[in-house]
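K.L.:
Take this structure first; my questions come after.
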Amino acid sequence: MQAQKISNTQTIPYAKASMAMDLGEISGDLAGIRMLGFREGHQYQHLVPYPEQAHAPVLEFVQEFATWFSVPEEQGFFIVGPSGVGKTTGVLHLLAEANVPTLKVGCHRDMTLLELIGNSQLKEKNGASVSEFVYGPLAQAFKYGFTIVLEEMNLMFPDVLAGINEIVRGQTLLVEQTGEVIRRHPAFRIIAAGNSFGNGDAGSGKMHGAKAQNAAFLNRWWKFSMGFLDVQQEYNILKDKTQKVPPEILRGIINVAESIRDRSIYRNPGDQNALDLEFGTRTTITWAQTIDRFARAGMGGSIKRALHATMLRAEPVEIQELLDQLCTNEFGADY
């Protein structure tokens with residue numbers, strides 16, 4: 001290993017632009033909730049996510065997230081819940097409103113710690129190939145004070161998570177390939193999203209790829225569980241995202257979704273007969289928007305065709321039959 005050199009990153013100019021912002025600007029329900037944010041125009045403005053206006057986070061989540069983000073106390077923020085309910089969307093919405101530079105990483109089962117910290121890459125310089133170390137997203141966030149969002153963190157193996165755990169609580173990060181020791185930037189935050197709080201698939205065999213995690217790992221995270229949206233809030237989102245879909249059809253979409261959710265592993269943990277079928281708000285939005293596209297094109301029979309185009313053609317026959325029956329019961333001849 002090379003001799004260690006300290007990389008001091010405590011005086012990044014944008015960090016001086018921090019402020020406490022009132023989240024009442026997002027929604028009146030959030031008035032009085034304060035969260036650390038950054039003034040417009042900092043040098044990492046290009047890394048600030050774009051807010052999804054029609055999918056504002058719910059009150060309880062905002063209260064906890066804002067409290068953690070403002071004073072993280074060497075903790076990460078771990079949010080779990082069914083696929084498609086707005087875990088990452090909710091986080092990115094708040095980070096956008098607070099003007100926080102953010103890196104989003106999609107995790108996978110083969111991901112290594114080096115992939116997150118960085119590695120050497122061959123680059124052309126003066127007509128010759130030279131090896132140059134390139135920071136990975138986790139090292140960038142740690143060094144420059146970004147927030148990093150790890151999607152589907154459950155997919156990673158425990159040895160990788162153990163390395164992340166040390167970074168969550170650590171004040172320095174050693175880059176073994178170069179010997180550099182990076183000091184933790186005071187604005188560094190780490191957020192993870194997944195389907196499970198570390199117990200893998202809880203023995204059901206249905207949360208494919210979810211890895212078990214130990215208590216020592218989980219102790220380093222503020223934990224929040226996000227369920228399916230309230231029916232009225234979901235309706236408002238679908239209404240905002242469509243133009244030509246009648247209200248009764250939008251409510252019917254949500255009714256069908258709720259019927260599936262009532263049969264799902266998320267509402268029936270431990271039930272071997274429960275469905276492992278994604279039917280969160282992401283799915284209802286896509287279904288409604290596809291109906292809307294058919295309607296604007298002047299095509300009939302759009303409810304069924306839109307559902308099949310959205311998801312049903314990729315599902316097993318028994319799921320297709322179940323959803324077709326639920327939709328026939330809900331929409332009648334319109335389906």
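Throughout, read-outs are computed from the coordinates displayed, never taken from laboratory work. The model shown is predicted, which means the values in this text are computed figures rather than measured ones. Here the Cβ positions follow ideal geometry from the backbone for every residue, glycine too, while neighbour counts run over all protein chains shown.
K.L.:
Taking the Cα-to-Cβ direction at GLN177 and at TYR335 and moving 7 Å from each Cα, how far apart do the two end points lie in nm?
P.N.:
Result: 5.3 nm between the two label points.
K.L.:
With r as the distance between the Cβ atoms of GLN272 and HIS308 and R0 = 25 Å, compute the FRET efficiency 1/(1 + (r/R0)^6) and round to 0.05.
P.N.:
On the way: r = 28 Å, r/R0 = 1.12.
Taking R0 as 25 Å, the efficiency between HIS308 and GLN272 is 0.35.
K.L.:
Show me 173-181, 38-46 ranked by packing, highest mean number of other Cβ atoms within 10 Å first. Kindly include the intermediate steps, with their values, before the conclusion.
P.N.:
Working: 173-181: 16.0, 38-46: 13.2.
Ranking, from highest mean packing down: 173-181, 38-46.
K.L.:
Next question. What is the sum of charges, Lys and Arg at +1 and Asp and Glu at -1, for the other residues whose Cβ falls under 14 Å from the Cβ of PHE142? All intermediate terms of the calculation are to be shown ahead of the outcome.
P.N.:
Working: positive: LYS143, ARG169, ARG183, ARG184, ARG189; negative: GLU74, GLU166, GLU180.
In short, +2.
K.L.:
Give the relative contact order (percent, whole number) for the stretch 231-334; include only Cα pairs under 8 Å separated by 6+ residues.
P.N.:
28 percent
K.L.:
Under a 5 Å amide H to amide H cut-off, with H placed in plane at 1.01 Å, what residues pair with GLY76 once short-range neighbours are removed?
P.N.:
It is TRP221, TRP222, by chain and number.
K.L.:
Which of the peptides 277-286, 229-238 is most tightly packed, and how do the rest follow, going by the mean number of other Cβ atoms within 10 Å of each residue? Walk me through the numbers on the way to the answer.
P.N.:
Numbers: 277-286: 20.2, 229-238: 17.1.
Result, highest mean Cβ count within 10 Å first: 277-286, 229-238.
K.L.:
Another one. Can you give the FRET efficiency to the nearest 0.05 for LYS244 and GLU64, using r as the Cβ-Cβ distance and R₀ = 51 Å?
P.N.:
Numbers: r = 38 Å, r/R0 = 0.74.
The value I calculate is 0.85.
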